[in-house]
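Novice: I am attaching a structure below and will ask some questions about it afterwards.
The values are calculated or read from the model by the stated rules, or taken from the named source; none is laboratory data. None of the values given here were measured: they were computed from a predicted structure. FYI the Cβ positions are ideal-geometry reconstructions off the backbone, even for glycines, and counts take in every protein chain you see.
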Amino acid sequence: MTENKTVLVVEDEEDILALLQFNLIKAGYDVVCTTDGEEGLQKISERQPDLILLDLMLPGIGGLDICRKLRSEEKTTNLPIIMLTARGEEADVVQGLELGADDYMTKPFSIKVLLARIQTVLHRKSKREDVSPGEKIVYGELVVHPDRNTVKVAGDPIELTYTEFRVLVTLASRPGWVFTRYQIVNAVRGEDYAVTDRAVDVQIAGLRKKLGVCGPYIETVRGVGYRFREAT
Ligand code: CA
């Protein structure tokens, strides 16, 4: 018998907290709850959970500061974090993802979807995240060879620019992950390459067009960025 995974929930809305606690226990997780960010950090230092559900708008220390703090410390730098956000907090979502949060859910959310996300994030973290050299990415009709710089759609080779190719490899290496525009630029050009959000949108538009039937694999996440569609 394997040990249950522990989820820490930091959420100041008591009814949401109770709902999460009930459903996580039902799904077989050990659950630690708190309505307070400082207390959340305290609990993490006492016993590290396997994953955190982190509300962003908290009294006292907020979710983004907690995220920043966890990522800056070696012990918690890879601790899976799913942010819980309210509608209209896209700017905070962008900041949270750039601080290293793994995913986010916008309230009100479906418990079923949340449980699936938790499993996905735990699974991603337990396996190696990057595609090794020489490995190809196969996804539906799309085949990408990162080290050979080749892309095929439904068996036909596609010509991409260098930047379009790097954007595609970045997204397709991690299906389901949301990338902010800034993260896409960094992945393509290295840290702090000066480019506008609009330039990323232009690259994506060109890429989708060239990918033809595979274009819809690249999804727009409104107000946040882009992601490669997750396999279903
Ligand atoms: Ca809140």
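Novice: Which one of the conditions (1) under 19 Å from Val93 (Cβ atoms); (2) surrounded by 19 or more Cβ atoms within 10 Å (Cβ to Cβ); (3) among the polar types (S, T, N, Q) does Gln203 fail to meet, given that it meets all the rest?
Specialist: That leaves (1) as the condition not met.
Novice: Which condition breaks for Met57 when tested against (1) touching a Lys or Arg at 6+ places or on another chain (Cβ under 9 Å); (2) within 27 Å of Ile184 (Cα to Cα); (3) surrounded by fewer than 19 Cβ atoms within 10 Å (Cβ to Cβ)?
Specialist: Condition (1) is where Met57 drops out.
Novice: Could you tell me which numbered condition Met57 fails, if it satisfies all but one of (1) within 15 Å of the ligand (Cβ to nearest atom); (2) at pLDDT 95 or above?
Specialist: Tallying (1) within 15 Å of the ligand (Cβ to nearest atom); (2) at pLDDT 95 or above, Met57 fails exactly one: (2).
Novice: Still on this structure, please answer the following. Please work out if Val31 is closer than 22 Å to Arg124 by Cβ, among the aliphatic types (A, V, I, L, M), in contact with a helix residue (DSSP H, G or I) (Cβ under 6 Å, 6 or more places away or on another chain) and within 16 Å of the ligand (Cβ to nearest atom).
Specialist: Taking the combined requirement at face value, the residue does not satisfy it.
Novice: Then there's this: Given Ala199, Ala187, Ala205, which one is in contact with a Ser or Thr (Cβ under 6 Å, 6 or more places away or on another chain) and of a type in the set (A, V, I, L, M)?
Specialist: On the way: Ala199 fails: in contact with a Ser or Thr (Cβ under 6 Å, 6 or more places away or on another chain); Ala205 fails: in contact with a Ser or Thr (Cβ under 6 Å, 6 or more places away or on another chain).
Ala187 is the lone residue from the list that is in contact with a Ser or Thr (Cβ under 6 Å, 6 or more places away or on another chain) and of a type in the set (A, V, I, L, M).
Novice: From (1) closer than 13 Å to Leu142 by Cα; (2) touching a strand residue (DSSP E or B) at 6+ places or on another chain (Cβ under 7 Å); (3) of a type in the set (D, E, K, R), pick out the condition that doesn't hold for Asp156.
Specialist: (2)
Novice: Another question, then. Could you check Val7 against (1) surrounded by 21 or more Cβ atoms within 10 Å (Cβ to Cβ); (2) part of a loop (DSSP other than H, G, I, E, B); (3) touching an Asp or Glu at 6+ places or on another chain (Cβ under 8 Å) and say which number it fails?
Specialist: Just one mismatch for Val7, condition (2).
Novice: Please go through the stretch 42-69 and give me each residue that is of a type in the set (D, E, K, R) and in a loop (DSSP other than H, G, I, E, B), ordered by number.
Specialist: Arg47, Asp50
Novice: With respect to Asn186, determine if the residue is surrounded by 12 or more Cβ atoms within 10 Å (Cβ to Cβ), in the same structural domain as Glu219 (by TED's automatic domain parsing) and modelled with pLDDT under 85.
Specialist: Spelling it out, Asn186 is indeed surrounded by 12 or more Cβ atoms within 10 Å (Cβ to Cβ), in the same structural domain as Glu219 (by TED's automatic domain parsing) and modelled with pLDDT under 85.
Novice: Select, from Ala116, Ala91, the only residue that is more than 18 Å from Val9 (Cα to Cα) and outside any loop (DSSP other than H, G, I, E, B). Lay out the reasoning, then the answer.
Specialist: Values: Ala116 fails: more than 18 Å from Val9 (Cα to Cα).
Of Ala116, Ala91, the one residue that is more than 18 Å from Val9 (Cα to Cα) and outside any loop (DSSP other than H, G, I, E, B) is Ala91.
Novice: Hey, another quick one. Could you run through the stretch 83-107 and say how many residues are within 16 Å of the ligand (Cβ to nearest atom), more than 10 Å from Leu56 (Cβ to Cβ) and surrounded by 20 or more Cβ atoms within 10 Å (Cβ to Cβ)?
Specialist: The number of residues fulfilling the criteria is 0.
Novice: Now, a different point. Six or more apart or on different chains, Cβ under 7 Å: which pairs go from a residue in the stretch 4-18 that's in the same structural domain as Pro59 (by TED's automatic domain parsing) to one that's near the ligand (Cβ under 9 Å from one of its atoms) and in a strand (DSSP E or B)? Could you list them?
Specialist: Val10/Asp55; Glu11/Asp55; Glu11/Leu84; Asp12/Asp55
Novice: While we're on this one: Would a scan of the stretch 27-37 turn up a residue that is among the aromatic types (Phe, Trp, Tyr) and either outside any loop (DSSP other than H, G, I, E, B) or within 22 Å of Glu90 (Cβ to Cβ) (or both)?
Specialist: First, pick out the residues of the stretch 27-37 that are among the aromatic types (Phe, Trp, Tyr): 29.
From what is left, the residues that are either outside any loop (DSSP other than H, G, I, E, B) or within 22 Å of Glu90 (Cβ to Cβ) (or both) are none.
Looking through the stretch 27-37, none of the residues is among the aromatic types (Phe, Trp, Tyr) and either outside any loop (DSSP other than H, G, I, E, B) or within 22 Å of Glu90 (Cβ to Cβ) (or both).
Novice: Sticking with this one: Can you pull out the residues in the stretch 1-28 that are among the polar types (S, T, N, Q) and more than 16 Å from the ligand (Cβ to nearest atom)?
Specialist: Thr2, Asn4, Thr6, Asn23
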